[in-house]
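S.K.: Below is a structure I'd like to ask you about.
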Amino acid sequence: MFSKIREMGFSEIYRKYGTILIFTGIFILASCLNEIFLTTGNLTNVLRQVVVVSLLACGVTFIIILGHIDVSLGSVVALTGTIAASVMSMTGSIPLAIAAGIGMGVATGLLNGYVITYFKIPSFIMTLAMTTVARGAILLYTAGVPVGNLGDFKVIGQGDVGPIPISVLILLFVVVVSWILLNRTKFGRHIYAVGGNAKASLASGINTDSVLRKAFVFNGVLAAIAGIVLMSRVNSGQPAAGVAYEFDAITAVVVGGTSLMGGTGTITGTIIGAMIIGVINNILNLMNVSSYWQQIVKGLIIAVAVILDVKTKTGGARKKA
């Protein structure tokens with residue numbers, strides 16, 4: 001195995017093992033920087049904190065593999081989560097609250113996908129518009145006032161099954177479903193095909209518009225689940241929540257090895273990318289680093305990840321040539 005690794009160039013090593021090596025290095029560094037990091041309570045806290053971003057990252061992985069983007073995730077989280085909280089406050093029924101939130105997620109995904117495919121506008125523009133529409137809609141609905149009186153709703157985000165948080169179990173279920181969709185279904189094969197070459201996929205008989213619409217609906221569902229988990233964790237519907245969550249999710253996806261140019265990416269890499277972001281956030285908080293510096297660090301991570309993506313792709317292309 002080690003002889004094979006020695007024969008590989010940097011591009012190939014990074015493509016195959018880069019994300020795991022980066023996560024291992026950051027985890028070891030964090031362990032050395034602060035003795036609290038490796039405690040059970042802190043590691044459980046890290047897992048709870050990465051759930052929402054990981055759920056969003058799983059959904060937007062499908063979108064980015066297709067060569068598109070969704071910058072409306074934070075606003076959709078606020079919209080769907082607060083709607084779920086509102087229904088919970090009015091009915092006291094957790095199933096109805098979850099159904100309402102997911103239904104709203106499906107609606108936003110359908111609207112994004114339909115407008116993008118029907119009018120052939122860039123996904124960035126449509127989802128940027130959705131950012132404003134979703135945020136304005138939930139602020140209008142609530143008059144900007146948080147929704148309280150949620151009863152048992154908090155069990156979703158704060159409850160445990162044995163030593164494992166319920167929110168982490170929800171994430172594990174979503175990861176398994178996402179992995180199966182990408183790797184064991186015709187839909188997943190079409191995602192990679194369309195992301196690799198949309199014109200060739202269309203010529204081979206794939207309904208590219210349908211694939212994109214389905215991906216946006218799935219993305220909307222996961223954004224809704226993320227919103228429900230977030231609002232249940234804070235035990236209130238917060239119409240101002242979710243700001244900049246889309247950038248954390250996209251950062252996790254890119255760091256996890258999914259190319260912004262489309263055609264490549266894995267759910268496994270996305271989850272590792274989310275864990276990298278979670279560990280970095282956690283150790284910076286433990287070391288009392290200013291939130292302003294944390295934003296700079298995240299920006300640099302995105303830049304470095306994209307540079308590595310471009311360099312490894314061009315390096316691989318030269319090697320084949």
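None of the figures in this text is laboratory data; all of them are computed from the coordinates on show. Bear in mind the structure is a predicted one, so any value in this text is a computation, not a measurement. Don't worry about glycine lacking a Cβ; one is built from the backbone with ideal geometry, like all the others, and counts go over all protein chains shown.
S.K.: Return the residues of segment 266-293 that are surrounded by 14 or more Cβ atoms within 10 Å (Cβ to Cβ) and touching a Leu at 6+ places or on another chain (Cβ under 7 Å); say none if nothing qualifies.
M.R.: Of everything in segment 266-293, those that are surrounded by 14 or more Cβ atoms within 10 Å (Cβ to Cβ) and touching a Leu at 6+ places or on another chain (Cβ under 7 Å) turn out to be Ile267, Ile283.
S.K.: Give segment 107-140 a look and list any residue that's surrounded by fewer than 16 Cβ atoms within 10 Å (Cβ to Cβ), within 30 Å of Thr91 (Cβ to Cβ) and more than 23 Å from the chain's Cα centre (by Cα), or say none.
M.R.: Leu140, the sole residue that qualifies.
S.K.: Continuing with this model, one more query. Within segment 22-34, is even one residue in a helix (DSSP H, G or I), among the aromatic types (Phe, Trp, Tyr) and farther than 13 Å from Leu222 by Cα?
M.R.: If we filter segment 22-34 for residues that are in a helix (DSSP H, G or I), which is where we start, we get 22-33.
This time we only want the ones that are among the aromatic types (Phe, Trp, Tyr), so: 23, 27.
Going one step further and asking which of them are farther than 13 Å from Leu222 by Cα, we end up with 23, 27.
Yes - at least one qualifying residue is present in segment 22-34.
S.K.: Let me ask you something else. Would you be able to say whether some residue in segment 221-234 is more than 16 Å from Val168 (Cα to Cα), surrounded by fewer than 24 Cβ atoms within 10 Å (Cβ to Cβ) and in contact with a Leu (Cβ under 7 Å, 6 or more places away or on another chain)?
M.R.: Within segment 221-234, none of the residues are more than 16 Å from Val168 (Cα to Cα), surrounded by fewer than 24 Cβ atoms within 10 Å (Cβ to Cβ) and in contact with a Leu (Cβ under 7 Å, 6 or more places away or on another chain).
S.K.: Then there's this: Name the single residue that is farthest from Thr208 (Cα to Cα) among those in segment 254-305 being among the β-branched types (Val, Ile, Thr) and not in a helix (DSSP H, G or I).
M.R.: From segment 254-305, those among the β-branched types (Val, Ile, Thr) are 254-255, 258, 264, 266-268, 270-272, 276-277, 279-280, 283, 289, 296-297, 301-302, 304; that's our starting set.
So of that shortlist, the ones also not in a helix (DSSP H, G or I) come out as 258, 264, 266, 289.
Numbers: Thr258: 20, Thr264: 17, Thr266: 20, Val289: 45 Å.
Step by step, filter segment 254-305, then rank; the result is Val289.
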